[in-house]
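Structure, as structure tokens:
The values are calculated or read from the model by the stated rules, or taken from the named source; none is laboratory data. Quick caveat: nothing in here was measured; it's all calculated off a predicted structure. When we count neighbours, we look across all protein chains shown, and the Cβ atoms used for this are built from the backbone with ideal geometry, even at glycine.
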Amino acid sequence: MPTLPHVPAGRTAPLFASAADVREASTPRTIAEKLVDMRAAQRLWAATPIRSRLHILRCFRAELATGSRELAATVACAYPGSLRRTESDTLVAEILPLAECCRFLEREAAFILRTRREDASSRPFWLRSVDVEVERVPLGVVLIIGPGNYPLFLPGAQALQALAAGNAVLWKPAPSGVACAHALRVMLIASGLPPELLTILDPDPAAATAAIEAGVDKVFLTGSAATGEAVLHTLAHRAIPSVMELSGCDAVFVLQGADPARVVDALLFGLRLNGSATCMAPRRVLVDSAIADELAVALHTALAALPRVPVTPSTALLLLECLTDARVHGAQVLVDGSATPSHGHAPVPLGPTLLAGVAPSMRIAQTDLFAPVLSLLPFTTLREAASMHEHCPYALTAAIFGPESEARTLAQSLTAGTILLNDLIVATADPRVPFSGRKRSGFGATRGREGLLEMSAPRAIVRQRSKSRIPYQPTTAAHGALFAGYLQAVHAQGWRNRLAGFRAMGKALPGLKPPRA
């Protein structure tokens, strides 16, 4: 039985990355060379019993718990257009969910990835001697392209799932994520992970391109829709599969009977979280017209407490364009936190923005913005609310506040990867929840059972117990009558039709020639 090629030795390396080491690992020639070593290590890792692989993750979780503040220090607290947080925010939004993801894998991965033996009751009669097993096997080497807004948790959870499934990982972080990616690698190696199984690349997009050209087995990308389209174009020429977790312009539905104080608190939380740089932050608030004015007044008052957040000049300009379009088409800007960028690349501080009377066709309701903006879209019926939602090209998550029976009815008609009932964002940190997008928000899944399965491929083992050579013989006219009779006997409706099928089979059998000796 294969043994682990590495054993825990305790952490001796510093958590902060050496920029020179990262650059050295990211040249096209070096990536191709590293892939050779990584594939050799991955084959041994795949042959290692899953319980042994999960033991390393258990050791890592303990390391994560004792070194959480040290790890949090490697995540930037301020990054224009992406991060605006405190140490506490990083601990609860990045490190705690990562630890929970790790424990989920320890408990569930072996069961999820187990070999499945198909039930014989579903087996066709004419294949009654066939047994089927479906294995979940590792993909090989996967490339994870991380985002800048949650540079540790989102790619880190994918890396843990990839390793649990028996893969090796190339991790291309965003510029803000190099330090924390390196720190996570140091912790994993200290926990017993063979070093060849996890390589951190340079944050330059060229490193990801070089890895794709060198030949990875699957790509997991978290980023904007535009980035996803560009990467997909590169992948298409090489037929490399992928999972895309892309942009959002997420909706919050407010039904009659919703707790107004909870709704306002949740919306402010969504705007404030991570400086509003969260892909599932609320942007469209579809509210029952009977309570729309009340909600608008409450939000107008509450938004005054939100601080300004720095965004990139391009984001500030995009918001201005969307506001101009909204005004032209009849929307009212109740709170205007926009600002005109000055010359250069200096961050632009934006306050919260609130619009009322927004129609689903307006640009503001169809654009992914990492900015603190809310658009109120009134509706009169649940059917109208669902129809308005479908106008948006993005479908990442949706949140519904209101009586559960009505919320569940509405949820059944919505296109979205995740739908939360009477909650916003927080519950998606549950490691059981698969995260996926629809439409321009991407495809495939990360995290949860479905995310772990994405890190593996099905392999069917089909065993034929019969020694008969009859299936290999050439067919004759008599076979045609036999097959037609069998189809009628097994699949036709009504006992008379089925009985006629059996009779046709009986007539065809004497005309069949026995197989040659």
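A few comments on the model shown:
- When residues of region 163-179 are limited to those that are of a type outside the set (A, V, I, L, M) and modelled with pLDDT under 95, the one nearest to Thr48 (Cα to Cα): Gly177
Residue-by-condition table, conditions (1) of a type in the set (Gly, Ala, Ser); (2) under 21 Å from Asp265 (Cβ atoms):
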residue: Val285; (1), (2): no, yes
residue: Ala304; (1), (2): yes, yes
residue: Ser314; (1), (2): yes, no
residue: Val335; (1), (2): no, yes
residue: Ser338; (1), (2): yes, no
residue: Ala356; (1), (2): yes, yes
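- Looking only at region 398-453, residues that are farther than 19 Å from Pro260 by Cβ, touching a helix residue (DSSP H, G or I) at 6+ places or on another chain (Cβ under 8 Å) and among the acidic types (Asp, Glu) come to 1 in all.
- Filter pass, Leu273 being modelled with pLDDT of 95 or more and not assigned by TED's automatic domain parsing to the domain that holds Thr90: no
- Within region 330-357, the set of residues being more than 27 Å from Gly223 (Cα to Cα) and either touching a residue at least 40 places away in the same chain (Cβ under 8 Å) or not polar (S, T, N, Q) (or both) comprises Gly330, Ala331, Val333, Leu334, Val335, Asp336, Ala356, Gly357.
- Only a single criterion out of (1) over 25 Å from the mean Cα position of the chain (by Cα); (2) at pLDDT 60 or above; (3) surrounded by 16 or more Cβ atoms within 10 Å (Cβ to Cβ) is not satisfied by Ile56, namely (1).
- Number of residues in region 268-304 that are assigned to a loop (DSSP other than H, G, I, E, B), surrounded by fewer than 23 Cβ atoms within 10 Å (Cβ to Cβ) and under 23 Å from the mean Cα position of the chain (by Cα): the value is 1.
- Neighbours by Cβ (under 8 Å, 6+ apart or cross-chain): first from region 198-212, free of Cβ contacts under 8 Å to residues at least 60 places away in the same chain; second outside any loop (DSSP other than H, G, I, E, B) and of a type in the set (Ser, Thr, Tyr): Thr209/Thr234
- Every pair of residues 6+ apart whose Cβ atoms lie under 9 Å, when the first sits in region 132-160 and is surrounded by 24 or more Cβ atoms within 10 Å (Cβ to Cβ) while the second is part of a strand (DSSP E or B) and of a type in the set (Lys, Arg): Val141/Lys218; Val142/Lys218; Leu143/Lys172; Leu143/Lys218; Ile144/Lys172; Ile145/Lys172; Gly146/Lys172; Pro155/Lys172
- Qualifying residue in region 388-407 (condition: in contact with a strand residue (DSSP E or B) (Cβ under 7 Å, 6 or more places away or on another chain), free of Cβ contacts under 8 Å to residues at least 40 places away in the same chain and among the acidic types (Asp, Glu)): yes
- Number of residues in region 481-497 that are without any contact (Cβ under 8 Å) to a residue 12 or more places away in the chain and outside any loop (DSSP other than H, G, I, E, B): the value is 5.
- Qualifying residue in region 16-33 (condition: within 23 Å of Gly448 (Cα to Cα), modelled with pLDDT of 60 or more and part of a helix (DSSP H, G or I)): no
- Restricting Ala500, Ala508, Ala478 to those that are assigned to a helix (DSSP H, G or I), out of contact with any Leu (no Cβ under 7 Å at 6 or more places or on another chain) and among the small types (Gly, Ala, Ser) reduces the list to Ala500.
- Qualifying residues in region 222-252 (those that are charged (D, E, K, R) and surrounded by fewer than 16 Cβ atoms within 10 Å (Cβ to Cβ)) - the one farthest from Val285 (Cα to Cα): Arg238
- Residue within region 84-102 that is in a loop (DSSP other than H, G, I, E, B), outside the structural domain of Phe269 (by TED's automatic domain parsing) and in contact (Cβ under 8 Å) with a residue 12 or more places away in the chain present: yes
- Elements of the type strands (runs of 3 or more DSSP E) sitting completely within region 174-261 and holding at least 1 residues that are farther than 30 Å from Ala411 by Cα: these cover 198-200, 218-222.
- Checked against the criterion of being surrounded by fewer than 18 Cβ atoms within 10 Å (Cβ to Cβ), within 14 Å of Arg283 (Cα to Cα) and not small (Gly, Ala, Ser), the candidates Pro393, Pro349 yield just one match: Pro393.
- Candidates Gly148, Gly228, Gly177, Gly166 - the one that is assigned by TED's automatic domain parsing to the domain that holds Ala46 and at positive phi: Gly166
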